[in-house]
Structures are given as C-alpha cells and as structure tokens.
Amino acid sequence: MGRRREFDVEQALDAALCVFWRKGYEGASYADLTEAAGIERPALYSAFGNKEELFRKVLVRYYEQYLDYVPLALKLPTSREVVAHLFTNAVNHNTRYSDHPGCLGINAVLAGSDDAEPVRQALIEARAGVEEQLRQRLERARDEGDLPKTARPDVLAAYVLAVIHGIAVQAKAGFCREKLQAVAEQALAAWPVGEPASP
C-alpha cells in the first residue's frame, strides 16, 4: 500500500502556479517549486510527474481560474462589448498581483531554451484556441451586421490578442493600471462598426 500524501494537492498546484507566473517556466527551479508547495522533491514527482507535466496541469488551472472572463466575453451581444470586456479584464488581471504581474502564459513563452520547446508549443496551442474562438465570434458579428462586411475576423482576432499580449508585457515591465487602461481604451476606439441587417 502506497504512503498517503501529506499535502493538499490543490494548494500545491496553486503554489506552483504562482511560481511559474512570477518566474516563467525555465526561471522556476525545482527548489522554488518545492519550497512554495511545502513538499519534498520526491513528493512533487509522485503527485505531478516532471516539471513539464506540472506546468501543463498549472496551465489548465490558470485558464479555468484566472481567464474565465474570456468565455463570458464571447457571450456578450456585440463585438465591441466582447472586446471591451476582454481589454478591461486583461488590464485588471495583469495588474492585480504586485508580486507576479503580467500573464503566466506570456511570461513563460517569451524566452526559453530548446529543452522548453514542448512547453512553448503548449502555450502557443492554448493561445491559438482562444484566438479561434474569438475569430468565430467575430465572424458571427460580421454576418449579423455588427461588423462591416469587409471586416476580416481573423485579423481582428489577432489584433485583439496582440493588444492583450502587449498589455501583459507592459504590466510585467511595470506599467500602472491607469496607463494600461488608457491603452486599452485607445485600442477600442479603433474598433470597426457595422450596419445592422435590415429586418
């Protein structure tokens, strides 16, 4: 019979999440992770596998607990409301925690060695999934007349994510919430407006 785990798995995941968020994937050492989680390295391996497997679990948790505003945004009635909700929440999210500003995904993907390539690809795939959902929502907006008929939903979705990622990078670099909110409002001011379809 195996030994019973003497730690809370959920708390350990949350602790690891904060370490990865603050230091990125490669910047987070096993010593950092075990110290934050309050467990020994063998227990970390036993519960989560290697560092890459732990990060993948953390990434799922991050999307569920911290980026839950994304699916809520996609349900809003107009494309402008969708984008405004995404921008506002991105600013709040990236500046909320003074000890780990920015975005876990962006912090982890910007730099990495060849050994970290699988993690970088996982982050790229996660971002691409969000971009695809947003593209589909903007296609519907164009079909409904909420966006101009000439609008390119793929380019607009990429534009929105470029702004959000820029907000994350600047938050990590020390930009304050007020300045980033002003950036978001400036980006939103350029949002195209369509003509509603005739009844």
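The values are calculated or read from the model by the stated rules, or taken from the named source; none is laboratory data. Worth saying up front: this structure is predicted, and the values here are computed from it rather than measured. Heads up, the Cβs are rebuilt from the backbone with ideal geometry, glycines too, and the neighbour counts pull from every protein chain shown. Calculation scope for accessible area: heavy atoms of the full protein, side chains included, ligands and nucleic acids excluded. Shrake-Rupley method; radii C 1.70, N 1.55, O 1.52, S 1.80 Å.
Observations, loosely collected:
- Qualifying helices (runs of 4 or more DSSP H) (wholly inside region 4-77; at least 2 residues being of a type in the set (Ser, Thr, Tyr) and open to solvent by less than 60 Å² (accessible area, probe 1.4 Å)): 30-37, 51-66
- Lone qualifier among 193, 155, 169 - being open to solvent by 30 Å² or more (accessible area, probe 1.4 Å) and free of Cβ contacts under 8 Å to residues at least 40 places away in the same chain: 155
- Restricting attention to region 84-121, the residues that are of a type in the set (Gly, Ala, Ser), at pLDDT below 90 and either part of a helix (DSSP H, G or I) or touching a strand residue (DSSP E or B) at 6+ places or on another chain (Cβ under 6 Å) (or both) add up to 3.
- Residue list for region 123-150, restricted to those being among the small types (Gly, Ala, Ser) and crowded, with 19+ Cβ neighbours inside 10 Å: 141
- Here the condition is being part of a helix (DSSP H, G or I) and closer than 30 Å to residue 26 by Cβ; of 155, 163, it holds for 163 alone.
- Scanning region 147-179 for residues that are farther than 18 Å from residue 100 by Cα and in contact with a helix residue (DSSP H, G or I) (Cβ under 6 Å, 6 or more places away or on another chain) turns up 147, 151, 153, 154, 156, 157, 160, 161, 163.
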